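Encoded as structure tokens, the structure appears first; notes follow it.
The values are calculated or read from the model by the stated rules, or taken from the named source; none is laboratory data. Note that the coordinates shown come from a computational prediction; the quantities given were computed from them, not determined experimentally. Backbone-built Cβ (ideal geometry, glycine too); neighbour counts: all protein chains shown. When the accessible area is computed, the model is the full protein with side chains, heavy atoms only, and any ligands, DNA or RNA have been set aside. Shrake-Rupley method; radii C 1.70, N 1.55, O 1.52, S 1.80 Å.
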Amino acid sequence: MTDRDAVSRRAVLETVAGAGLASVAGCSALEGGSDDAASTVEGERAEELARRFAPTLYFDREEPWFPTDPRPYTSEQGGETVVDGFDAFDGYHERMTDGEPPDPTAFYNVVEYENSPLAVVQFWFYSAFDQFTTNFHWHDWEVLHVFVDTETGDPQLYVASSHSRKVPNNEFLDPDPEMVPRILSELGSHSSALSVNDVRDRFTRLPEGDRFADITNSAVETIEDLAEIPVAYGLPRDEGSRLPYLVPEYEGAPLHEHERLPSVSREDLISESLTVRSFDSLAQPPTDLPTRETGLVFQHTDRGEADPDIEYDLVPSSELEHIADFTGPQLSFEFAVPQFAEDAVSGHITTTGAPWNQPRYENPAADISEPNHRAALAERYDAIGAPAEIRTVVASLSEAVSNDDAPEDEGLTTEDTAVESVALLESDPEAVPTFSGLAVVQDVPEGDHRFTVNGAGVAPHSETVSVPDAETADEPTRAGVDGELPLVARENATRLEVDPSGADSDLTDLAVEDDFAGRLYDAPLSEPDAVYVHGGGAYTTEVRDSDDEIGAFRVNPNPEADTAAQIEQPRTGKASLASFLVDIAEETRQSVLDEMDDDGDTDDDDDDNPGSSGGSENAIQGLERALAAVVEAAKRATERAEAGDRGNADKQLQAVADRLQRVATRIEDASDDLSDPLSNAARRRLDQAQRRAEQARAADKL
């Protein structure tokens, strides 16, 4: 991933809050309207439109399943014609000879909106199987919608399907009428990215020089030299991201070993160079996954734009409408959910249905995921209704790693992750892939949802997000902390558990901060919760209750420990915050003592003794003693608060604040003689202590 990619991803989250609903994919400030009915266009007119816009398709070099005709695999079940998953999967590979894909076919369906010059040519592509990182299933249908003005003959909008309605489609408004549409098919999943500029076999998200981008999805204002960020799925492996694939299982064994698939071998699935056995089988995210390379090119006979490897047939989809369903049993896919007792969710793995049973088959406008595109068509054609308000959850993924500026195992930073992950709302368990490190889930019902992210080699992350009603929301719901969600490599992950059932008040929120990386977790809390943190961090855990009282706890997990760090009786108020001040001041004092011992110094010399060993030793000893004074005052404040003595508790907290000022002076005096990591840590802990001391003095609750 390039530096430009990293900047643009951060920019999305920095600006998405201020962009408003009208300019973020999946959101709109307009009232939704209904579309007029559409009727099917048949015969020569439909065929003419299909031939004109028949796209060129570019496939990944590793692609095993190309567009084909499902009719050879039909059977009768219960008096209906169906395509069974085993039959299609095995039959496809049985019919493939010398790597030549059998029956290359695209199916078209043309509809025209009544009393309107707007028509839509749909190109449906069937694949025998789908193997991806978020899911796998029997059969796969993908579609390209070409919206055409029949009076001018000009295309108005391309909509290329991307996984599901939960992920923004790849769309382009007002394409060049003279250019043949192109589809870049994603490996295994067949998600369709658009290619409409001069680089035929590469996806371009942002304009580059004189070259325009391949999508016109919503612009989000950014920083510096980046003018806009289109929020759409795109083609992650073409953008430099690593995308690990999984191997499907059925009844506890790899699918290709099933007795009903004699023609399928491991070599017929996605290459082993791109697959992992499971997300949790790796200690860290994989770094050696290959990026995309173009393989076979499919083109309809009449097009002539490229020199294709395969020429596909164009067939009306009406010839398939006798097929009632595409069937197959659910396959196995584990999705870890880091609750107090970890679970697995797999209900989102299903087969696809028949296109002609879907609303978008009769009304292609239902598949427009970009509200600004729908609004543009609504302005041009009365048949298209204005966009509806759609709630969206967004997050930018990063990875928590050790910080070289911190003491060893006592501080973190975050960096962009180059490996894509998957996101899941447990209330609607349909996993969606990330793109460019962004998780975007559209069409989310209002209310509280458990939002979970998982990826290869990282510990799963789960938190509660509250999605407001679309009429009152003025921005997408951002998961994580201000939209950033840091993940932790499994080899470095340890669980931090908080059980509010033992609290002395009704806890509502939980946050976790690292001394160097800042706030890493911030979410509602109503039941036992757990978050994976990096074992090399130094954390302040904050809880908040229904009276807006705050509690804080110091957590320094042992990177070598197998057990979780636990806060079993979290409390809020003065006593909790004063106790935290004891812990953080004593922790810093001990670090100073350890460094003095490492340097061969002792703590026996008086820093006021002119005969001592020198200014360096005096300054460090002065810092240690100033911290010790904070510890003693904070202990007394804790005792007074626990005894119900508000007046003396506040008096001691004021003494803590005064002594923290002396600590600040001593840190500066000793900064040239302390190691840089300890000096950095002392300053950050001082800032944390001063903030918590102020909160303690302001607390109403003892």
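Of S189, S164, S263, all but one fail to be polar (S, T, N, Q), in a loop (DSSP other than H, G, I, E, B) and more than 24 Å from Y361 (Cα to Cα); the exception is S263.
A Cβ distance below 8 Å, combined with a sequence gap of six or more or placement on separate chains, defines the contacts here; from region 429-455, residues that are part of a loop (DSSP other than H, G, I, E, B) reach residues that are among the basic types (K, R) and at pLDDT 90 or above in the pairs S436/R205. Out of all the residues in region 107-119, is one or more modelled with pLDDT of 95 or more, of a type outside the set (A, V, I, L, M), within 15 Å of P64 (Cα to Cα) and in a strand (DSSP E or B)? Checked against the condition, which is being modelled with pLDDT of 95 or more, of a type outside the set (A, V, I, L, M), within 15 Å of P64 (Cα to Cα) and in a strand (DSSP E or B), region 107-119 yields no hits at all.
Looking only at region 680-702, residues that are within 18 Å of E586 (Cα to Cα) and surrounded by fewer than 18 Cβ atoms within 10 Å (Cβ to Cβ) come to 4 in all. Pairing each residue of region 546-574 that is under 21 Å from S526 (Cα atoms) and part of a loop (DSSP other than H, G, I, E, B) with any residue that is of a type in the set (S, T, N, Q) and open to solvent by 20 Å² or more (accessible area, probe 1.4 Å), provided the two are 6+ apart or on different chains, yields C-beta distances under 6 Å for S546/T508; T572/S505. The sole residue among N115, N169 that is farther than 20 Å from E47 by Cα, open to solvent by 10 Å² or more (accessible area, probe 1.4 Å) and not hydrophobic (A, V, I, L, M, F, W, C) is N115. Filtering V533, V512 for residues that are touching a Pro at 6+ places or on another chain (Cβ under 8 Å), closer than 27 Å to D482 by Cβ and of a type outside the set (S, T, N, Q) leaves a single hit, V533. If the condition is being modelled with pLDDT of 90 or more and assigned to a loop (DSSP other than H, G, I, E, B), then region 330-376 contributes A354, Q358, N363, I368, S369, E370. Checked against (1) more than 26 Å from the chain's Cα centre (by Cα); (2) closer than 26 Å to G455 by Cα; (3) open to solvent by 20 Å² or more (accessible area, probe 1.4 Å), R495 passes all but a single condition, namely (1). For region 77-95, the set of residues classified as free of Cβ contacts under 8 Å to residues at least 40 places away in the same chain and open to solvent by 20 Å² or more (accessible area, probe 1.4 Å) consists of G78, G79, D87, R95, listed by residue number.
Residue-by-condition table, conditions (1) at pLDDT 95 or above; (2) among the acidic types (D, E); (3) surrounded by fewer than 16 Cβ atoms within 10 Å (Cβ to Cβ); (4) touching a strand residue (DSSP E or B) at 6+ places or on another chain (Cβ under 9 Å):
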residue	(1), (2), (3), (4)
E178	no, yes, yes, no
L187	yes, no, no, yes
R200	no, no, no, yes
T204	no, no, no, yes
R211	no, no, yes, no
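Just one of the listed residues (D506, D547) is within 26 Å of D650 (Cα to Cα), touching a Lys or Arg at 6+ places or on another chain (Cβ under 8 Å), open to solvent by 20 Å² or more (accessible area, probe 1.4 Å) and not basic (K, R), and it is D547.
Annotation: of all residues in region 34-61 being touching a Lys or Arg at 6+ places or on another chain (Cβ under 9 Å) and either free of Cβ contacts under 8 Å to residues at least 60 places away in the same chain or surrounded by fewer than 18 Cβ atoms within 10 Å (Cβ to Cβ) (or both), the one that is nearest to A386 (Cα to Cα) is R51.
Scan region 118-156 for residues that are open to solvent by 10 Å² or more (accessible area, probe 1.4 Å), over 16 Å from R360 (Cα atoms) and more than 26 Å from the chain's Cα centre (by Cα) and jot them down. Across region 118-156, the qualifying residues are D149, T150, E151, T152, G153, D154, Q156. Name the one entry in D238, D280 that is under 30 Å from R52 (Cβ atoms), outside any loop (DSSP other than H, G, I, E, B) and either open to solvent by 20 Å² or more (accessible area, probe 1.4 Å) or touching a strand residue (DSSP E or B) at 6+ places or on another chain (Cβ under 7 Å) (or both). Exactly one of D238, D280 is under 30 Å from R52 (Cβ atoms), outside any loop (DSSP other than H, G, I, E, B) and either open to solvent by 20 Å² or more (accessible area, probe 1.4 Å) or touching a strand residue (DSSP E or B) at 6+ places or on another chain (Cβ under 7 Å) (or both), namely D238. For region 293-323, taking the residues that are farther than 17 Å from T74 by Cα and among the polar types (S, T, N, Q), the one that is modelled with the lowest pLDDT is identified as T301.
So which residues in region 391-423 are in a loop (DSSP other than H, G, I, E, B), modelled with pLDDT under 90 and either in contact with a helix residue (DSSP H, G or I) (Cβ under 7 Å, 6 or more places away or on another chain) or surrounded by 20 or more Cβ atoms within 10 Å (Cβ to Cβ) (or both)? Those that are in a loop (DSSP other than H, G, I, E, B), modelled with pLDDT under 90 and either in contact with a helix residue (DSSP H, G or I) (Cβ under 7 Å, 6 or more places away or on another chain) or surrounded by 20 or more Cβ atoms within 10 Å (Cβ to Cβ) (or both): R391, T392, T417. In region 410-421 there is no residue that is touching a His at 6+ places or on another chain (Cβ under 6 Å), more than 30 Å from N558 (Cβ to Cβ) and of a type in the set (D, E). The listed residues are N109, N115, and the only one of them that is under 30 Å from E379 (Cβ atoms), in contact (Cβ under 8 Å) with a residue 40 or more places away in the chain, polar (S, T, N, Q) and touching an Asp or Glu at 6+ places or on another chain (Cβ under 8 Å) turns out to be N115. Which of the numbered conditions does L520 fail, given that it passes all the others? Conditions: (1) assigned to a loop (DSSP other than H, G, I, E, B); (2) in contact with a Pro (Cβ under 6 Å, 6 or more places away or on another chain); (3) open to solvent by 20 Å² or more (accessible area, probe 1.4 Å); (4) not hydroxyl-bearing (S, T, Y). For L520, the exception is condition (1). Specify the residue that is nearest to Y233 (Cα to Cα); the eligible residues are those in region 352-374 that are small (G, A, S) and surrounded by fewer than 18 Cβ atoms within 10 Å (Cβ to Cβ). That would be A366.
Name the single residue, out of those in region 474-492 being of a type in the set (V, I, T) and either surrounded by fewer than 22 Cβ atoms within 10 Å (Cβ to Cβ) or modelled with pLDDT under 95 (or both), that is farthest from A511 (Cα to Cα). It comes out as T477.
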